[in-house]
């Protein structure tokens, strides 16, 4: 009950053993070669907390915490952890753990066997992913007393400041959070990696295997670009493979510690897996998939020429829907009544609701088609209720396009006159890929709908040297973005965090409600940085044009500009109204102090190094240290910034991110929200490409990270060129992350092959 061997645990025992433990037990029972071990169950943790008498004490501390008081939170978390670590485990429990460890030692024939001690989440309403990075894992532990100590440390990790803050913010009861602990023999692998029993991106029935030298942590963590192999499961034929330059590996040191080291030169470009090992892995994958009855995501290791399986879990990114050619043909035969630009792919049908004023938004019911001149942040709640969006104005980078793609809603923009042609309450069907609106509402195949499964399908497990990140506009979309397998967030837009509050940020300041504004920002940023932790999230400070502020409470005095896109926005506005920028920096500082070290700041619409200097000074005034506490960079959205990027580098930036949406419109004098000139908007114009190339080259020369987060970063053929130029990071729309990753991988492989061919000559 308190300590269970793998042999007595099955996949149905998640409540006892947690997800990791349950799967390890299931594999063991199925006869799969798994390193032996045992589980200190969730009930053991519960008994420990109650028997020691520390539970009530801990709850009293938690009940009195002000989580917004950073010092108090840190102090309380430290106190709770010390209480747990200092509390002796009751003898009956410790005796069972020691007995299980000694039995494991006897089983493997080692006096004090090295083990890994890992947390295994159990609570069904607290998905493990929500607590990524918040509980600890300990490797290469040996000796019964050490095992006891580290089990206790694993329990204590439930009360890291970050974990406490997260549970409080999301209204999870601390008393209902339980944890099991997996204790498993360490496999000192010579090679290790992951295997998907089907291609998770396409669903194709091939084994996708990634492997590198040393312990598996290098592949799982993304520290190394592994070899990639595709194996036909029917014939066991190797269909394709890529041998990567494997620069680092993890190995066990003589003192038991695990350390990242350089791969020996002779192994860096050497193939990791032989054909025989690939066949063995593929056969094992087929066996595991058959046992579970579903495709699996597995971890494996070879030690002394013996294969061990370290983990197996379902692949959750497969799209199970099937195509329907008849329905597709039916669609094509319908009458097109409106044409525009395809801004967000997918098809949707519903009832037309024409919105000409903000106070008409209540007309939109679940499943309607919103038709409007152009969307604004005020409309986002109604957009979420809609099946599809149609606008008169705008291009593929306008507000409606960006938000629709993020929400997974088909969208057609720049129709010119949809609000006049379409009639209220009529039925229509839209094609968000082709930019067409059809008369009538008709059946749409699941394949043609855009939903989370489509987005998830685009996720690829391929690890690339060039990071592939996601753009996020709304905190609610963070989980969908994370599901793509993105390496982080290359653009977290601020606007919706402020604007959806319905109150002008300046009004918070004027009414002495700055703390409320800071809290709103913290809560929204938290939803993204926590999901992605420890992956980086680059937060762009406020960059809303003035027309987006006018409908807010307190926005009555907002200026009316002839062209807001060229007006008072970005860093130029924030330096004129520094209290808003201070509030943003204060929110980030508080999150940093709570353990969220994965936040970077981007300054938008930079044109002068003086702006960067002033922004850094404001950050320092609130106690946030650029380049020390957080990465600090700029958006390259103006030709000026691209042409004098060296001056920004000299002052000090950690990264520069190309915002090609604005860079294109400012270079070509094309308003990207004006459907009349949409045909002139061209991100591949030679002038744009020269500015991009110059920025990347100068950044590379100075060792500064170069990235892109504009719409161009979601177009594979442009991405290929960017990789050739040496860009470090590409941030794409959520629906494009998978395609972009594949493009990046192919481009990197091509560069390697081209280099190899030149060497042979």
Just to be sure, is residue 718 part of a helix (DSSP H, G or I), in the same structural domain as residue 473 (by TED's automatic domain parsing) and in contact with a helix residue (DSSP H, G or I) (Cβ under 8 Å, 6 or more places away or on another chain)? yes
Determine, yes or no, whether residue 331 is over 18 Å from residue 226 (Cβ atoms), modelled with pLDDT under 90, in the same structural domain as residue 417 (by TED's automatic domain parsing) and not in a loop (DSSP other than H, G, I, E, B). yes
Screening 687, 745 for residues that are in contact with a helix residue (DSSP H, G or I) (Cβ under 7 Å, 6 or more places away or on another chain) and part of a helix (DSSP H, G or I) leaves only 687
Would you confirm whether or not region 480-488 contains a residue that is under 17 Å from residue 521 (Cβ atoms), surrounded by fewer than 24 Cβ atoms within 10 Å (Cβ to Cβ), modelled with pLDDT of 80 or more and outside the structural domain of residue 385 (by TED's automatic domain parsing)? no
Just to be sure before I move on: is residue 693 in contact with a helix residue (DSSP H, G or I) (Cβ under 8 Å, 6 or more places away or on another chain) and either assigned to a helix (DSSP H, G or I) or surrounded by fewer than 23 Cβ atoms within 10 Å (Cβ to Cβ) (or both) in the structure I sent? yes
Kindly indicate the residue of region 1-33 that is under 30 Å from the mean Cα position of the chain (by Cα) and not in a helix (DSSP H, G or I) and also nearest to residue 89 (Cα to Cα) among those meeting that condition. 13
Inspect all residues belonging to region 508-524 and state whether any of them is in contact with a strand residue (DSSP E or B) (Cβ under 8 Å, 6 or more places away or on another chain) and modelled with pLDDT of 90 or more. no
So which residues in region 88-136 are assigned to a helix (DSSP H, G or I) and modelled with pLDDT under 90, if there are any at all? 128, 129, 130, 131
Could you pull out every one of the helices (runs of 4 or more DSSP H) wholly within region 489-565 that has 2 or more residues that are farther than 24 Å from residue 476 by Cβ and in contact with a helix residue (DSSP H, G or I) (Cβ under 9 Å, 6 or more places away or on another chain)? 505-510
Does residue 759 satisfy the criteria of being in contact with a strand residue (DSSP E or B) (Cβ under 6 Å, 6 or more places away or on another chain), more than 25 Å from residue 631 (Cβ to Cβ) and modelled with pLDDT under 90? no
Filter region 258-293 for residues that are under 28 Å from the mean Cα position of the chain (by Cα) and outside any helix (DSSP H, G or I); the one that is nearest to residue 752 (Cα to Cα) is 262
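The values are calculated or read from the model by the stated rules, or taken from the named source; none is laboratory data. Worth saying up front: this structure is predicted, and the values here are computed from it rather than measured. We place every Cβ from the backbone using ideal geometry, glycine too, and count neighbours over all the protein chains shown.
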